[in-house]
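Notes follow once the structure below has been shown.
The values are calculated or read from the model by the stated rules, or taken from the named source; none is laboratory data. The shown structure was predicted, so the numbers you read here are calculated from the model rather than taken from an experiment. Cβ coordinates were reconstructed from backbone atoms using ideal geometry, including for glycine residues, and neighbour counts include every protein chain displayed. Side chains included, ligands, DNA and RNA excluded: accessible areas come from the protein's heavy atoms. Shrake-Rupley method; radii C 1.70, N 1.55, O 1.52, S 1.80 Å.
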Amino acid sequence: MPGTRPGMTSPADRDKAHMTEASEAALAAPGAVTAPAPLLSVRNIEVVYDDVILVLRGLSLEVPQGAIVALLGANGAGKSTTLKAISGLLKTEDGEVTRGEIVFDGERINGIDPDKIVRRGIFQVMEGRRIIADMTSLENLRLGAFTRSDNEVGADIDMVYNYFPRLKERTGLAGYLSGGEQQMLAIGRALMARPKMILMDEPSMGLSPLLVKEVFAIIKKINRDLGVTILLVEQNARAALSVASHGYIMEQGKVVLDGSADELRDNEDVKEFYLGGAADQRKSFKNLKSFKRRKRWL
């Protein structure tokens, strides 16, 4: 070959050899597989209310298929706004995703009407339950199946009763249920839509510690049994990280820290700000915590 000395290889031959070596290495590594695309990707979104109030400031996160992912943060961090951006409910509050994109199951969904997002497989359990108080538990469950046209609604009601047996015993109006029972009904209503993903907003709010433990155990069981992916917004970081595999921490409209549940539980900042104190001493000065979070993370 012109310009190549005897015993030497040309650049093209070297490239070909490198490609062959890479291919052989890939075949030799049985565990080397491409990671699956996440079920949900939130990519650098900004959310504005009333055309002037910027709430989310370039937020990004991913939720793998079949996982429970926790979204943690203080009041006003933008957690609920994030869920409403995903479920399409921002429109009801004069909110809008003005930048970035939200991709679910390979398709962009920001800008789509909420009922169409439900049909694509996302159901949000709102903060405060939002059950219909003057309907019975059974009627609330049937309402959750409003997008369905199959003949298996009755079987799914029995499935919900299997997870929440006390709902079967409550035949009166849902407004007379206890707080814990209303939360169970809200989760059961979400299951009736046969969702691929459930967005849960503060499921522990207003519940006793014993009921919090019971509700989170059921959330974990639903995820394990049915394979439903869950994005969980919580202020009770300890409860959320007990069931989640991964977590994101928000401050002032953006993610400031993320990692596996174990990594977050072991992080000294997370211990101090969200889990009741760092290893050295417990601090309870709210304003100081807020200042230190801004200084370290923002």
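Among the residues making up region 86-106, those that are under 19 Å from residue 119 (Cβ atoms), open to solvent by 30 Å² or more (accessible area, probe 1.4 Å) and not aliphatic (A, V, I, L, M) are 91, 92, 105, 106. Within region 107-119, the set of residues being touching a residue at least 12 places away in the same chain (Cβ under 8 Å) and either among the basic types (Lys, Arg) or surrounded by 14 or more Cβ atoms within 10 Å (Cβ to Cβ) (or both) comprises 109, 110, 112, 114, 116, 117, 118, 119.
Does residue 195 meet the test of being open to solvent by less than 10 Å² (accessible area, probe 1.4 Å) and assigned to a loop (DSSP other than H, G, I, E, B)? For residue 195, the condition - open to solvent by less than 10 Å² (accessible area, probe 1.4 Å) and assigned to a loop (DSSP other than H, G, I, E, B) - is not met.
The rows are residues; the columns are (1) farther than 25 Å from residue 239 by Cβ; (2) of a type in the set (Gly, Ala, Ser); (3) at pLDDT 95 or above; (4) in contact with a Pro (Cβ under 9 Å, 6 or more places away or on another chain).
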{"residue": "57", "(1), (2), (3), (4)": "yes, no, no, no"}
{"residue": "63", "(1), (2), (3), (4)": "no, no, yes, yes"}
{"residue": "83", "(1), (2), (3), (4)": "no, no, yes, no"}
{"residue": "96", "(1), (2), (3), (4)": "yes, no, no, no"}
{"residue": "100", "(1), (2), (3), (4)": "yes, yes, yes, no"}
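Can you name the residue in region 56-69 that is assigned to a strand (DSSP E or B) and open to solvent by 30 Å² or more (accessible area, probe 1.4 Å) and is also nearest to residue 96 (Cα to Cα) among such residues? Taking the candidates together, the pick is 57. Here region 79-122 is the region considered, the condition is being charged (D, E, K, R) and closer than 12 Å to residue 41 by Cα, and the residue that is nearest to the chain's Cα centre (by Cα) is 105. Only a single item in (1) in contact with a Leu (Cβ under 8 Å, 6 or more places away or on another chain); (2) open to solvent by less than 20 Å² (accessible area, probe 1.4 Å); (3) over 24 Å from residue 80 (Cβ atoms) is not met by residue 163, and it is number (2).
Candidates 83, 72: the one that is crowded, with 17+ Cβ neighbours inside 10 Å and in a helix (DSSP H, G or I) is 83.
The residue that is surrounded by the most Cβ atoms within 10 Å (Cβ to Cβ), among those in region 120-154 that are β-branched (Val, Ile, Thr) and closer than 16 Å to residue 190 by Cβ, is 122. Those strands (runs of 3 or more DSSP E) of region 216-298 in which 2 or more residues are at pLDDT 85 or above and open to solvent by 10 Å² or more (accessible area, probe 1.4 Å) occupy 246-251, 254-260. Would you confirm, using the coordinates I've provided, whether residue 210 is open to solvent by 10 Å² or more (accessible area, probe 1.4 Å), of a type in the set (A, V, I, L, M) and assigned to a helix (DSSP H, G or I)? The answer is yes for residue 210. Of all residues in region 196-221, those that are free of Cβ contacts under 8 Å to residues at least 40 places away in the same chain have Cβ atoms under 9 Å from Cβ atoms of residues that are outside any helix (DSSP H, G or I) and hydroxyl-bearing (Ser, Thr, Tyr), 6 or more apart or on another chain, in 211/178; 211/204; 212/204; 215/204; 216/204. Counting only residues that are in a loop (DSSP other than H, G, I, E, B) and open to solvent by less than 40 Å² (accessible area, probe 1.4 Å), how many does region 173-182 have? Final tally of qualifying residues: 1.
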